[in-house]
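J.: Let me give you the structure first, and then I'll get to my questions.
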Amino acid sequence: MPEPLPDAGRHRTMLFTRRRTTPRTARNFIVATLTEWGETSRLDDVRLCASELVTNAVLHGAPVDRLVLVRVESLDAQLRIEVHDSGEKTPTQRVPEESAVDGRGLLIVSTTADGWGVRERTGPGKCVWAAFNRNTGPQGDTT
C-alpha cells in the first residue's frame with residue numbers, strides 16, 4: 001500500500017475488469033478503504049455515487065476487455081472518488097421521462113455529491129469524479 005505524501009492526503013487505487021459484478025466490487029473496495037481510514041461521515045453518499053459512476057463506466061464507458069480504474073482520496077477538506085475508463089463518450093446529466101427505468105445516475109450524483117465532473121486523462125478515455133465535503137449532507141447542507 002502506498003504511503004501518503006506529507007499534506008497531500010491519502011489515496012488508494014484499484015483496477016477492475018469490466019463485468020456485471022464490477023459496481024458491487026468497486027463499491028465494497030471504496031467502503032472498506034474509507035472505513036479503514038475512519039472516514040464514515042459521508043459513507044452512504046459516497047457508496048451511492050460510486051455505484052452510479054462505476055455502473056456508467058461498465059455500461060457506457062469501458063469497451064469490452066478493458067479495465068475500469070477506481071480511485072478514492074481523503075483530502076484536507078473533502079473525500080473524492082474517481083472512475084476512469086477508456087471510452088470516448090462523455091457522460092452528460094439528463095432528465096429522464098418519469099416512466100423511464102434508467103438514465104438517472106448522474107442526476108443522483110449531482111444531487112448527492114457536493115461536486116462532480118468529467119475530465120480528460122492521459123491516453124484514451126476520461127475520468128468522472130465526485131467530491132464530498134466532510135460532515136455535511138448533499139450540496140453543503142449540515143445534518
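Nothing in this text is a laboratory measurement; each read-out follows from the coordinates by a stated rule. Every value quoted in this text rests on a predicted model; they were computed, and no experiment measured them. Cβ atoms come from the backbone with ideal geometry, glycine included; neighbour counts cover every protein chain shown.
J.: Apply the Karplus curve 6.51 cos²θ - 1.76 cosθ + 1.60, θ = phi - 60°, to the phi angles in the stretch 120-126 and return the couplings in whole Hz, x for Gly and Pro.
T.: Working through the residues one at a time gives 6, 9, 5, x, x, x, 8 Hz.
J.: Okay, moving on. At most 12 other Cβ atoms within 10 Å and a DSSP loop assignment: could you name the trypsin sites (Lys or Arg not before Pro) in the stretch 30-90 that fit?
T.: 89
J.: If R0 is 25 Å, what FRET efficiency do you get for residue 67 and residue 36 from their C-beta distance, rounded to 0.05?
T.: 0.60
J.: Here's something else I'd like to know. Excluding residue 122 itself, calculate the net charge of residues whose Cβ lies under 15 Å from the Cβ of residue 122, where each Lys or Arg counts +1 and each Asp or Glu counts -1.
T.: With Lys, Arg at +1 and Asp, Glu at -1, the net is 0.
J.: May I pose another question? Expressed as a whole number of Å, what is the distance separating the alpha-carbon centroids of the stretch 40-89 and the stretch 13-37?
T.: Centre-to-centre distance over Cα atoms comes out at 9 Å.
J.: Continuing with the same structure: Obtain the nm distance between the two label points defined at residue 118 and residue 47 by a simple spin-label model: each point lies 7 Å from its Cα along the Cα-to-C-beta direction.
T.: Label at residue 118, label at residue 47, 2.8 nm between them.
J.: Something else now. Please report the relative contact order for the stretch 1-90, taking Cα pairs under 8 Å with a sequence separation of at least 6, and give it as a percent rounded to a whole number.
T.: Worked out over the stretch 1-90, it gives 36 percent.
J.: Need the full-extension length gain, residue 89 to residue 13, defined as separation in residues times 0.36 nm minus the C-alpha distance. One decimal, nm.
T.: Stretched out fully, the residue 89 to residue 13 stretch lengthens by 25.1 nm.
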